[in-house]
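What follows is one structure encoded as structure tokens, with my remarks underneath.
The values are calculated or read from the model by the stated rules, or taken from the named source; none is laboratory data. Bear in mind that the values here come from a model prediction, so they are computed numbers and not experimental data. Cβ placement follows ideal geometry from the backbone for every residue including glycine, while neighbour counts extend to all protein chains displayed.
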Protein chains: 2
Amino acid sequence: MVINLNNLFNSINKNSKMGDFQDLDHLDGVSISTSSANLYSKKRDDVVLFYFRNGATFASVYTQSKLISENIKWNLKINKKKISALLINTRNANAFTGKEGFKGLKILAENLSLELTQKQKNDEEKPKKIEPNEILFACTGTIGEIFPTEKIKKIIPDLVNKIKYNQNKYIWIKASMGILTTDLKPKIAMEECYIGSKLIKIYGIAKGSGMIYPNMATTLGFIFTDAKISSNILKQLLKKNIDKTFNAISCDGDTSTNDMVSIFATGEVENSNLKSIKDNKLTGFDSALFKVLLNLAKRVAADGEGASKFITIKVKNCKTEEDAKKICFSIANSPLVKTAIAGEDPNWGRVIMAIGKSKVNLNPNKLSIKFGNILIIENGKLSNTYEEKEAANYMKEEKIDILINLNLGKKEFTSYTMDLTKKYIEINSDYRT
Amino acid sequence: MVINLNNLFNSINKNSKMGDFQDLDHLDGVSISTSSANLYSKKRDDVVLFYFRNGATFASVYTQSKLISENIKWNLKINKKKISALLINTRNANAFTGKEGFKGLKILAENLSLELTQKQKNDEEKPKKIEPNEILFACTGTIGEIFPTEKIKKIIPDLVNKIKYNQNKYIWIKASMGILTTDLKPKIAMEECYIGSKLIKIYGIAKGSGMIYPNMATTLGFIFTDAKISSNILKQLLKKNIDKTFNAISCDGDTSTNDMVSIFATGEVENSNLKSIKDNKLTGFDSALFKVLLNLAKRVAADGEGASKFITIKVKNCKTEEDAKKICFSIANSPLVKTAIAGEDPNWGRVIMAIGKSKVNLNPNKLSIKFGNILIIENGKLSNTYEEKEAANYMKEEKIDILINLNLGKKEFTSYTMDLTKKYIEINSDYRT
């Protein structure tokens, strides 16, 4: 498949509900290569390698499922402070593949580390030996099929061969497309910020897939920065920011077998030493990281399977954030709400139903509901100003905002989802055929 | 709309995934009438009256939603030991209709009780005055639209006029069709049993609607018996049997604004006095009631919106029933599992995903999974005997059984659901138009 990447890039930006994404370019210490291991019947890039020539500190958050994939088991065993590579494959989740699946990763890690050690010897002044346990894996695809170890192993030399030390926007797009499964658009985001006087880059790519609540299918997110930050602080920063970003598009945390969001810091920028997450110099980085994660998470939701509309649900003035969250996801996960929105029907009764089933204690007489700027329910009653025609018109928009006000407290939460269309059924009843 | 009820009855039975249902006939003390209050644009029966000429003891279970409909508020206020009538309307849920919605029911109750008091005077040797608070209401339909009090009030004389003291199968079908909304088939069940030496009838009708977990739309179930049982014992019997029947097709209890399952006992059969639910003479009744409730609940699931397949999920050998239930509903509510089944794809990986996201503690190496008689996973590994072709063949069946064995304990649970098809999206994005 030959793609004119420039055309593709322009067409993606033009058609995106989420607005343009910026060009990612070179990020010191990160190298990217992509290849096809023929995991799909049609040839496409299906394996992506990120190589950190000088290593990278890192942190990950993983699925909360009780049945986790073999690659997550592998990653959880790594107790290194720095890693050297991240290898991502699509088509096969390596979940429920048993000992063979885990062994496959060991074989790949051994091969890849040998090849990369050779590359170190060729390219570096002070080459270092790369160990198998410096390699992280991300897998996504069908659960329970035999892991294609040999196919992937065969292309490792090609992946390593293709490594260049200068990146441009095209290789980022190739990487972000190489990790897609059923989602249609690459998901890319970037921010720049300062740590002290040093300019720092934060780049990210992601894949979504099925319905937007990741208990339904795999969500992957990978963040890269050239800052110098310890794995320990990265872990805290990631945990702090995941809740209102990637977990705001999820039902109840992360519950596929394979979900994974990771951050890698190459440390190529010699910013000042950071001792703890409370360091004031981290404020800018913290908020830039939040923006990158939120931007990616929204793109995942907007590109949910079959999505025709992007929906933001804001629930405010609750007693607790937990209450706000429960109502958010009760609405976001309601097939009846999502099909009504697909049908451009301002069926606010279904929103009421979803609020009720969340079992959050509320005072119906204080409840207000808005669709965009249109006030529907005020103090528990249909607003005098409400006109269904106006609301029906609003529902034709591509972005729908649902605003719930409980008028009981000061806490709030915002979640993101998409509508539920026939296309979703089509995609998911034909997935493997 | 003129319907040949005999043809209809035959065609329903012929096409039912659930097998035939038996003929309901006369049940002493119950009178039924149906009418059209023009609540729909196309004329159909949309109001159904059950009249108990000598009163009936009764018990109900209601939705657990925090936003309940006005009729449920009304019903909860009734503190009579016997009631005289049940009035059911479709098209309008009388939920989020505020004081006006409640007032509407008061007006209807006043009218209906007057008409029925007059009928008592005309027909009974010892006429009694019927009070407004001897009338129970069930409503189902769209939330938040103004309750059509006047339209329903207008047909009360017609409903009362039509009352006959002898019932036949046709009037039961008419009643069971009069309470439908988007579900296609009437749901009828019956059992006979003995209390002591007395033969007892238990008849039931139900309506489902949207997806089968009633947090998605209204489920109604009405059970009638000619036994003499106190309201207190009825309440205990209903509670005892609802969990593995109507609540086995539901996500987390009953969470629409309007869900309601009620039982009415006319006491026309002079069975021996029953002092408590532990009375041995109740054993037969108890299990017959369970059968009627389960039969109706399954019919609700089988006729879920857009359903092409009926799915039974049995999870056994768990540490607790709660664990079994969590896994049951995690599978039953998974759009990815339900779309795979719609596509006749034996995608057991999605079942694994759904088991994992339930967050129940389990030992993957003890897990077994069967589709029907086909062993797929045995002790956490793909079975040697598994052949995808055979499984793909099985998926073409109309009834699909998914069996999960945790091999950790002795508790189990069974839930019932249907597949998720394009038809579901069609129905629900066009609901109000």
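With respect to residue A:135, is the statement that it is β-branched (Val, Ile, Thr), modelled with pLDDT of 95 or more, in the same structural domain as residue A:218 (by TED's automatic domain parsing) and under 26 Å from the mean Cα position of the chain (by Cα) true?
Yes, satisfied.
Looking at B:384, B:379 in this structure, which one is more than 28 Å from residue A:425 (Cβ to Cβ), touching a Leu at 6+ places or on another chain (Cβ under 8 Å) and of a type outside the set (A, V, I, L, M)?
B:379
Taking the residues in the stretch A:65-89 that are within 22 Å of residue A:116 (Cα to Cα) and in a loop (DSSP other than H, G, I, E, B) as candidates, determine which candidate is nearest to the other protein chains (Cβ to nearest Cβ).
This residue is A:78.
Hey, residue A:243 hits all of (1) closer than 25 Å to residue A:80 by Cβ; (2) surrounded by fewer than 24 Cβ atoms within 10 Å (Cβ to Cβ) but one; which does it fall short on?
Going through the list (1) closer than 25 Å to residue A:80 by Cβ; (2) surrounded by fewer than 24 Cβ atoms within 10 Å (Cβ to Cβ), residue A:243 breaks only (1).
Can you pull out the residues in the stretch A:340-351 that are in contact (Cβ under 8 Å) with a residue 12 or more places away in the chain and of a type outside the set (Gly, Ala, Ser)?
Answer for the stretch A:340-351, where residues must be in contact (Cβ under 8 Å) with a residue 12 or more places away in the chain and of a type outside the set (Gly, Ala, Ser): A:341, A:344, A:345, A:346, A:348, A:350, A:351.
Would you check which residues across the stretch B:383-393 are within 14 Å of chain A (Cβ to nearest Cβ) and not acidic (Asp, Glu) and list them?
Hits for the stretch B:383-393 are B:383, B:384, B:386, B:389, B:391, B:392.
Among the residues of the stretch B:97-108, how many are more than 14 Å from chain A (Cβ to nearest Cβ), in contact with a Phe, Trp or Tyr (Cβ under 6 Å, 6 or more places away or on another chain) and not aliphatic (A, V, I, L, M)?
1
Of all residues in the stretch A:43-67 being of a type in the set (Gly, Ala, Ser) and touching an Asp or Glu at 6+ places or on another chain (Cβ under 9 Å), which is nearest to residue A:83 (Cα to Cα)?
A:55
Each row is one residue, and each column tells you yes or no for (1) β-branched (Val, Ile, Thr); (2) farther than 20 Å from residue A:230 by Cβ; (3) surrounded by 20 or more Cβ atoms within 10 Å (Cβ to Cβ); (4) within 14 Å of chain B (Cβ to nearest Cβ).
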| site | (1), (2), (3), (4) |
| --- | --- |
| A:45 | no, yes, yes, no |
| A:58 | no, no, yes, no |
| A:92 | no, yes, yes, yes |
| A:95 | no, yes, yes, yes |
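Just checking, does the stretch B:286-294 include any residue being more than 9 Å from every other protein chain (Cβ to nearest Cβ), touching a Cys at 6+ places or on another chain (Cβ under 6 Å), in contact (Cβ under 8 Å) with a residue 12 or more places away in the chain and within 29 Å of residue B:56 (Cβ to Cβ)?
Scanning the stretch B:286-294, I find at least one residue that is more than 9 Å from every other protein chain (Cβ to nearest Cβ), touching a Cys at 6+ places or on another chain (Cβ under 6 Å), in contact (Cβ under 8 Å) with a residue 12 or more places away in the chain and within 29 Å of residue B:56 (Cβ to Cβ), so the answer is yes.
In the stretch A:353-364, how many are surrounded by 21 or more Cβ atoms within 10 Å (Cβ to Cβ), in contact (Cβ under 8 Å) with a residue 24 or more places away in the chain and within 30 Å of the chain's Cα centre (by Cα)?
So the count comes out to 5.
Within the stretch A:394-426, take every residue that is more than 8 Å from every other protein chain (Cβ to nearest Cβ) and in a helix (DSSP H, G or I) and give me the one that is nearest to residue B:337 (Cα to Cα).
A:423
For residue A:106, all conditions in the list (1) over 24 Å from residue A:39 (Cα atoms); (2) part of a helix (DSSP H, G or I); (3) touching a helix residue (DSSP H, G or I) at 6+ places or on another chain (Cβ under 8 Å) hold save one; what is the number of the exception?
(1)
Restricting attention to the stretch B:321-350, which residues are within 9 Å of chain A (Cβ to nearest Cβ) and assigned to a helix (DSSP H, G or I)?
Those that are within 9 Å of chain A (Cβ to nearest Cβ) and assigned to a helix (DSSP H, G or I): B:330, B:335, B:336, B:338, B:339, B:340, B:341, B:342, B:348, B:349, B:350.
Could you please find all residues in the stretch B:164-195 being part of a helix (DSSP H, G or I) and not aliphatic (A, V, I, L, M)?
B:169, B:170, B:172, B:174, B:176, B:178
Considering only the stretch A:402-417, I want to know if a residue exists there that is within 25 Å of residue A:308 (Cβ to Cβ), surrounded by fewer than 17 Cβ atoms within 10 Å (Cβ to Cβ) and among the charged types (D, E, K, R).
Checked the stretch A:402-417: no residue is within 25 Å of residue A:308 (Cβ to Cβ), surrounded by fewer than 17 Cβ atoms within 10 Å (Cβ to Cβ) and among the charged types (D, E, K, R).
Under the condition of being among the acidic types (Asp, Glu) and at pLDDT 95 or above, which residue from the stretch B:173-215 is surrounded by the most Cβ atoms within 10 Å (Cβ to Cβ)?
Applying the filter and picking the extreme gives B:191.
Which count do you get for residues in the stretch B:240-292 that are aromatic (Phe, Trp, Tyr) and modelled with pLDDT under 95?
Within the stretch B:240-292, residues that are aromatic (Phe, Trp, Tyr) and modelled with pLDDT under 95 number 1.
On the basis of being surrounded by fewer than 24 Cβ atoms within 10 Å (Cβ to Cβ), aliphatic (A, V, I, L, M) and either within 7 Å of chain B (Cβ to nearest Cβ) or touching a Ser or Thr at 6+ places or on another chain (Cβ under 7 Å) (or both), does residue A:367 make the cut?
Taking the combined requirement at face value, the residue does not satisfy it.
Any residue at all in the stretch B:137-155 that's over 27 Å from residue A:348 (Cβ atoms) and in contact with a Phe, Trp or Tyr (Cβ under 8 Å, 6 or more places away or on another chain)?
Looking for residues that are over 27 Å from residue A:348 (Cβ atoms) and in contact with a Phe, Trp or Tyr (Cβ under 8 Å, 6 or more places away or on another chain), one finds none in the stretch B:137-155, hence no.
Among residues belonging to the stretch B:300-320 that are hydroxyl-bearing (Ser, Thr, Tyr) and more than 13 Å from chain A (Cβ to nearest Cβ), point out the one that is farthest from residue B:373 (Cα to Cα).
That would be B:320.
Which ones in the stretch A:273-315 are surrounded by fewer than 18 Cβ atoms within 10 Å (Cβ to Cβ) and over 30 Å from residue A:185 (Cα atoms)?
A:273, A:275, A:276, A:277, A:278, A:279, A:280, A:281, A:283
How many residues does the stretch A:253-280 hold that are under 20 Å from residue A:56 (Cβ atoms) and either among the basic types (Lys, Arg) or under 18 Å from the mean Cα position of the chain (by Cα) (or both)?
Number satisfying all stated conditions: 7.
Would you call residue A:266 buried (at least 19 other Cβ atoms within 10 Å of the Cβ), farther than 15 Å from residue A:415 by Cβ, within 11 Å of chain B (Cβ to nearest Cβ) and β-branched (Val, Ile, Thr)?
Spelling it out, it is not the case that residue A:266 is buried (at least 19 other Cβ atoms within 10 Å of the Cβ), farther than 15 Å from residue A:415 by Cβ, within 11 Å of chain B (Cβ to nearest Cβ) and β-branched (Val, Ile, Thr).
Taking residue B:272 and the conditions (1) in contact with a strand residue (DSSP E or B) (Cβ under 9 Å, 6 or more places away or on another chain); (2) closer than 24 Å to residue B:413 by Cα; (3) away from every other protein chain (no Cβ under 14 Å), which numbered condition does it fall short on, given that it satisfies the others?
Among (1) in contact with a strand residue (DSSP E or B) (Cβ under 9 Å, 6 or more places away or on another chain); (2) closer than 24 Å to residue B:413 by Cα; (3) away from every other protein chain (no Cβ under 14 Å), the lone unmet condition for residue B:272 is (2).
Being surrounded by 18 or more Cβ atoms within 10 Å (Cβ to Cβ), within 14 Å of chain A (Cβ to nearest Cβ) and assigned to a loop (DSSP other than H, G, I, E, B) is the filter here; which residues of the stretch B:115-163 pass it?
Within the stretch B:115-163, B:141, B:143, B:144, B:145, B:147 meet the criteria.
Would you mind telling me which numbered condition in (1) closer than 29 Å to residue A:384 by Cβ; (2) within 14 Å of chain A (Cβ to nearest Cβ); (3) surrounded by fewer than 24 Cβ atoms within 10 Å (Cβ to Cβ) residue B:38 fails?
Of (1) closer than 29 Å to residue A:384 by Cβ; (2) within 14 Å of chain A (Cβ to nearest Cβ); (3) surrounded by fewer than 24 Cβ atoms within 10 Å (Cβ to Cβ), only one is false for residue B:38: (2).
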